[in-house]
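Here's the structure, in structure tokens; my notes come after.
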Amino acid sequence: QVQLQASGGGLVQPGGSLRLSCTTSGGTYAVGWFRQVADKEREYVATINASGGLKAVALPLKDRFAISRDDAANTVYLHMNSLKPEDTALYYCASTPAVMSSRQSDYNYWGQGTQVTVSS
């Protein structure tokens, strides 16, 4: 019923910036971003409600990451600045019927991940 597709990942140098996109289909819903590396649990990154009026970014990332959405384009963005090697991960976007949430269990539809690699 709901489909999401993450894109925009790639190789970037430390200190660089990258914008990820999550293209969505279906009705209005909140979207979250998560990331995961092979030896760690999936980590919450950011979330935004259906209207875009409510936003949240994980505390360790608040100074470098931002989330926004353009409902006319059915797209949610993750803006990543001052990237570090430890930001290297597979980034996922997902939708939730909740207003917004940092808990992955609240998300019922997940897109394919897009790989971000931060390296010199």
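The values are calculated or read from the model by the stated rules, or taken from the named source; none is laboratory data. Since we're looking at a predicted model, the values are computed, not measured. For neighbour counting, all protein chains shown are included, and Cβ atoms are generated from backbone atoms with ideal geometry for every residue, glycine included. Ligands, DNA and RNA are stripped out before the accessible areas are found, and what is left, the full protein with its side chains, is counted by its heavy atoms. Shrake-Rupley method; radii C 1.70, N 1.55, O 1.52, S 1.80 Å.
Structure summary
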| quantity | calculated |
| --- | --- |
| Residue within the range 14-30 that is modelled with pLDDT of 95 or more, part of a strand (DSSP E or B) and open to solvent by 70 Å² or more (accessible area, probe 1.4 Å) present | yes |
| Lone qualifier among L11, L59, L54 - being of a type in the set (A, V, I, L, M) and free of Cβ contacts under 8 Å to residues at least 40 places away in the same chain | L59 |
| Filter result for the condition that a residue is in contact with an Asp or Glu (Cβ under 7 Å, 6 or more places away or on another chain), in contact (Cβ under 8 Å) with a residue 60 or more places away in the chain and of a type in the set (S, T, Y), over T96, T114, T24 | T96 |
| Residue satisfying all of: in the range 31-50; part of a loop (DSSP other than H, G, I, E, B) and within 21 Å of L11 (Cα to Cα); least open to solvent (accessible area, probe 1.4 Å) among these | V37 |
| Selection from the range 51-89 of residues that are in a helix (DSSP H, G or I) and surrounded by 15 or more Cβ atoms within 10 Å (Cβ to Cβ) | L61, D87 |
| In the range 90-120, residue nearest to the chain's Cα centre (by Cα) [restricted to those that are part of a strand (DSSP E or B) and among the aliphatic types (A, V, I, L, M)] | A94 |
| Options Q104, Q115: the member that is in contact with a Gly (Cβ under 7 Å, 6 or more places away or on another chain), within 22 Å of A38 (Cβ to Cβ), open to solvent by 60 Å² or more (accessible area, probe 1.4 Å) and not aromatic (F, W, Y) | Q115 |
